[in-house]
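Report on the following structure.
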Amino acid sequence: MKNLKKICLFFVFTTLVLVSSFTGYQTVQAVGGQGTATIDGAANVTVDQATSHKFTVVLTIGTSGITADAQNPTFTIPAGFTAPDATPVANAGLVVADGDWSVSAAGGICTVENPTAGLTVAVGQLITVDVTTTCTVAVPDTITLTYQGQSASAMAATALVIATADDIGWGAVTPIAAPPTITVIATDVTAPTVTVTMDDAALNIGDTSLVTFTFSETPVGFTTADVTVANGSIGAIDASNPLVQTATYTPTNSITDATNVISVGTAWTDAALNTGVGDDSPNYTIDTTTSASSGGGGQFISLVPPLIDVVKIPNPLSLPAGGGPVTYTYTLSNIGTVPVTNITMVGDTCNPIALASGDNNNNAILDVNEIWTHRCSTTLSATHTNIVTTTGWANGISAVDIANATVVVGLPVVPPLIHVVKKPNIFVLPAPGGTVTYTYTVTNPGTVPLSNVNITDNKCTGLPGRVLGHPGDLNKNSLLENNETWSFTCQTNLTQTTTNTGTATGDANNLTATDFALATVVVNTSTVVPSLPKTGFPPKEENIPIVVFLSIFMFSSLLCIVWKQQNV
Amino acid sequence: MQPKISLIWSWFIVVITGIMFYLLIVFGIYSPQNTPKVKSAESINSLEFLENIASLDQISSGLPIRLIIPKIFIKANVEYVGLTPSGAMDVPKGPAEVAWYSLGTRPGEKGNAVIAGHSGWRNNIPAVFDNLHKLRKGDKIYIEGEKGEILTFIVRESKTYKPKANAYDVFISNDGLAHLNLITCTGFWNKIAKTHSDRLVVFADRE
């Protein structure tokens, strides 16, 4: 019994913790006994970001024979705390977040009686803690109450204010004269990370690539010595933006290597001296060799294919009162990297398609980023879907885009329009080929929202087909509206020059809009470096002798005639 | 009789001299209208041109429109050419123009932009690159772009190549810099091959 008296003290705690901006407080109350319950100061409150958000409050029991109980202390989730789901809870009477409470005593056994967990709170939300722990401890003893989160959320520095020892009749509890302020300094124990990317994944003769190092936080001591490159060299690092630093990579001449990466090591830190986490760039290929051509006396170089895009908009979109004139406007863009020549636009039912503007230098070449506008007018007597096929050429390779547009005649129905742009991340792959990532950008150039949006590609299988829950769906209504852009990517491996067709469809008013996007990626397509040109004609000496000969002959004949006459 | 013979002799001299002048004109040894259509010495005031150059911004490259070389009085329009069926770089249609290899690098971009011009023409009409061999290291070459921009190149060196020599260095560079290389024919005329024995290439670097 003696031991029991000494040992068996039951404390019921209420916990507190967390608070920001000096707004929260907690109370600890003695229950059924005498003594003092105090909350130790700042030294006993810690935040540990190493494993997760973790808050620890230590209560020191200075006198035996007291019990502490919770009084539903309130606190505010500090700014910087990121719960897995920041949706405010309806029941604010319980705790909190995604972690668990635990309690321990140096000399006894504690249990957590109400470790409510799994709820979520919003940052800044005022909530009430109701955690009760029961400990059997020696006196004096130290009891530690800990909230251990389960996610590695970042925790900003904040301050806790704790008011404690409020005797409300349960016994002689000595209140703390003034609420102690406990300052929590969140220690940055998060390792900085870096992501390495390159803007050219297939380096050929004369190519360089911009290498981008994107850091999670400002690095300290990051230099070119931290960068290991394969088959080339890295230039000076531009750190004008410390979080996004860049450098130029130049491949070694006369090599072919399909497997290369640029690596960042770990010999750098963040400001808190946490060791950096390195990264490898995606694989890139190098072909800086030349191979003899079969003729022509030169070497092979790869040629870049063209890429164009056409958007077609009819005006009006519908003729509810019956047939009438319609003007189609075609917007033609060069979205590739080489000028496109010999542009032709062929409409199935509307001709002629006339260039209205855009060729500012009048060179009939669709330059990179140049936008041409064509128009064509016709008269429709029935609902009709017009198709225009546009073709252009560069480096002996064609680019094609097909655009559709429906005009409804005789019904008060607005037809849908859809537009898809497809771009490969690379236009030329060295042999034997490699990975290409296509980006598809789907928009609605019409006026009615599109449902059942569908995106496919005939030679790339990574697209979703029917699109559901796209992040570009701003109002989350599963409709593609004309202020929204839905983007997709699809990755495939090419071993030969490939032209594939992306198809986007969308429905509205019981009509389906369709658009196509074609793109060509060249694999090891090559042509000869030309032989030197033949720029000369026979030199002047080739022509002069004829005249000189004739002149000498005639002059000699003349002299002979004169000489003979003088001798007659 | 002696005066009569002298009169006939003089008459023959005049007639023959006239015929010779006629032949000279026909065969183009002297032809006033055959002055080159290139903007040659007479049409370029070098100082005035250089002052104009200095007043223009050296901006990024567009498509080349004109080649200007004050040192040898060239101001020639630029044609765009590709390959001949035999795999050689094509050439300009006339003596006054130059041809840019449009399947290669644009002047001002990283790499070797290549421009060819004739040296010699039918009937001895002067051609644009007749005096290309006179360029020396440090001479300036200008390219006028489609938007009026002027790019300046400095001659680095000249080399001669055989017609079927490896032209890799002429068309390709991988030093990350912008170059302009000018090509024309040089050497002796090969009657069998109907071409000159060599090609002269002037290598220039962007200023």
Can you give me the solvent accessible area of residue A:481 with a 1.4 Å probe, rounded to the nearest 10 Å²?
40 Å²
Whole-Hz Karplus couplings 3J(HN,Hα) for the range A:279-284, θ = phi - 60° and coefficients 6.51, -1.76, 1.60, Gly and Pro as x, run 7, 10, 6, x, 5, 9
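Which of rounded, prolate or oblate describes the range B:71-120 when judged by the alpha-carbon gyration tensor and an a/c cut-off of 1.5? Working shown, then result.
On the way: a/c = 2.25, a/b = 1.14, b/c = 1.97.
Oblate shape, in that a/c is at least 1.5 and b/c is the bigger or equal ratio.
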Chain pair B, A: total accessible area buried, heavy atoms, 1.4 Å probe, Å²
4300 Å²
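Of A:534/B:137; A:312/B:93; A:423/B:147, which sit over 30 Å apart, Cα to Cα?
On the way: A:534/B:137 25 Å; A:312/B:93 39 Å; A:423/B:147 28 Å.
Too far apart for the 30 Å limit: A:312/B:93.
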For the range A:338-445: rounded, prolate or oblate by the Cα gyration tensor [a/c cutoff 1.5]:
oblate
So who's got an amide H within less than 5 Å of the one on residue A:279, skipping anything under 5 residues away but keeping other chains? H placed 1.01 Å off N, in plane.
A:264
Output wanted: per-residue J couplings in Hz (rounded whole) for the range A:478-491, from phi through Karplus 6.51 cos²θ - 1.76 cosθ + 1.60, θ = phi - 60°, x for Gly and Pro.
6, 10, 7, 9, 6, 9, 10, 10, 10, 10, 9, 10, 9, 10
Could you list which residues have their amide H under 5 Å from that of residue A:459, counting only those 5 or more apart in sequence or on another chain, with H placed in the peptide plane?
A:501
For the pair residue B:15 and residue A:327, how long in nm is the line joining their label points, each one 7 Å along Cα→Cβ?
7.7 nm
Compare the peptides A:325-331, A:517-523 by average per-residue count of other Cβ atoms within 10 angstrom and give them in order, highest first.
A:517-523, A:325-331
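Can you give the FRET efficiency for residue A:238 and residue A:493, using 1/(1 + (r/R0)^6), R0 = 30 Å, r = Cβ-Cβ distance, to the nearest 0.05? Each step should come with its number before you reach the end.
On the way: r = 33 Å, r/R0 = 1.10.
Once the sixth-power term is evaluated, E becomes 0.35.
On average, how many beta carbons from a partner chain sit within 10 Å of the beta carbon of a residue in B:155-163?
Details: counts 0, 0, 0, 0, 0, 0, 2, 2, 5.
Counting Cβ atoms of other protein chains within 10 Å of each residue's Cβ and averaging gives 1.
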Karplus ³J(HN,Hα) for the range A:261-271 (6.51 cos²θ - 1.76 cosθ + 1.60, θ = phi - 60°; Hz, whole; x = Gly/Pro) runs 9, 10, 10, 10, x, 10, 8, 8, 9, 9, 5
Amide H proximity to residue A:450 below 5 Å, modelled H, separation 5+ or other chain, gives A:480, A:481
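Highest mean first, how do A:229-235, A:501-507, A:354-360 rank when packing is the count of other Cβ atoms within 10 Å averaged over residues?
On the way: A:229-235: 17.0, A:501-507: 22.3, A:354-360: 13.6.
The peptides rank, most packed first, as A:501-507, A:229-235, A:354-360.
Can you order the peptides A:237-248, A:362-373, B:105-116 by their average number of other Cβ atoms within 10 Å per residue, highest first? Spell out each step's value before the answer.
Values: A:237-248: 14.7, A:362-373: 16.2, B:105-116: 24.2.
Packing proxy ranking, top to bottom: B:105-116, A:362-373, A:237-248.
How crowded by other chains is B:87-95, given as the mean number of beta carbons from other chains within 10 Å of each beta carbon? Intermediate values should be presented prior to the final figure.
Numbers: counts 11, 9, 8, 3, 4, 2, 0, 0, 2.
Mean shielding by partner chains, rounded to a whole number: 4.
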Average beta-carbon neighbours from other chains, 10 Å sphere, peptide B:107-119
2
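The values are calculated or read from the model by the stated rules, or taken from the named source; none is laboratory data. In this text the structure is predicted, and so the values were computed from the model without any measurement. So basically every Cβ, Gly included, is an ideal-geometry build from the backbone, and we count neighbours across all protein chains shown. Just the protein is used for accessible areas: all its heavy atoms, side chains included, with ligands, DNA and RNA removed. Shrake-Rupley method; radii C 1.70, N 1.55, O 1.52, S 1.80 Å.
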